[in-house]
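The values are calculated or read from the model by the stated rules, or taken from the named source; none is laboratory data. All values reported here derive from a predicted model rather than from experimental measurement. Reconstructed Cβ throughout: ideal geometry from the backbone, glycine too, with neighbour counts over all protein chains shown. Each accessible area value is taken on the protein alone, full model and side chains, heavy atoms only, with ligands, DNA and RNA left out. Shrake-Rupley method; radii C 1.70, N 1.55, O 1.52, S 1.80 Å.
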Amino acid sequence: MKKNYTVMFIMLFTASITGGMAAKDLFKYSPIAGWGMGMLFLLCAAYFAGKNEKKSGSQ
């Protein structure tokens, strides 16, 4: 079974931004933390997308 980590990281990207915006009343810097985590997940998604592209291109 082939795992697609790109889709998982894109879902985590949107969830972290949404969660950060939703929790802005809980603590002061939650939107910044949500966007920071979101950018990290977006970079991970781009890494795995590039890795999958290299694998499929060589076959």
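Counting other C-beta atoms within 10 Å, and keeping those with at most 16, which DSSP coil trypsin sites (Lys or Arg not before Pro) do you find in region 11-59? The partial results should precede the final answer.
Numbers: sites: Lys24, Lys28, Lys51, Lys54, Lys55; in loops: Lys24, Lys28.
The qualifying sites are Lys24, Lys28.
How tilted is helix 30-58 with respect to the longest principal axis of the chain? Cα atoms for both, answer in degrees (0 to 90, nearest 10).
The answer is roughly 0 degrees.
Where Lys and Arg each count +1 and Asp and Glu each count -1, what net charge lies around Trp35 among other residues with Cβ under 15 Å from its Cβ?
Working: positive: Lys24, Lys28; negative: none.
Net charge around Trp35: +2.
Could you list the chymotrypsin sites (Phe, Trp or Tyr not before Pro) in region 17-46 that lie in coil according to DSSP, counting only those with at most 13 other Cβ atoms within 10 Å of their Cβ? Mind showing how you got there, number by number?
Details: sites: Phe27, Tyr29, Trp35, Phe41; in loops: Phe27, Tyr29.
Taking region 17-46 and a limit of 13 other Cβ atoms within 10 Å, the loop chymotrypsin sites (Phe, Trp or Tyr not before Pro) found are Phe27, Tyr29.
Could you give the spread of the C-alpha atoms of the chain along their three principal axes, from largest to smallest, in whole angstroms?
50, 19, 9 Å, listed from the longest principal axis down.
Can you pull the one-decimal nm distance between simple spin-label points at Ala15 and Leu40, each 7 Å off the Cα toward Cβ?
So the label points at Ala15 and Leu40 sit 1.5 nm apart.
Which angle from 0 to 90°, rounded to the nearest 10, does the C-alpha axis of helix 5-22 make with the longest principal axis of the chain?
10
How many nm separate the modelled label positions at Lys3 and Lys24, each set 7 Å beyond the Cα in the direction of the Cβ?
With each label placed 7 Å out from Cα toward Cβ, I get 3.5 nm.
Sorting Leu40, Leu26, Leu12 by accessible area (1.4 Å probe), largest first, what list results? Mind showing how you got there, number by number?
Values: Leu40 105, Leu26 145, Leu12 65 Å².
Accessible-area ranking of Leu40, Leu26, Leu12, largest first: Leu26, Leu40, Leu12.
Among all lysine pairs in the chain that are eight or more places apart or on different chains, how many have alpha carbons less than 24 angstrom apart? Before the final figure, lay out each step's value.
Working: Lys2/Lys51; Lys2/Lys54; Lys2/Lys55; Lys3/Lys51; Lys3/Lys54; Lys3/Lys55.
Count of close lysine pairs: 6.
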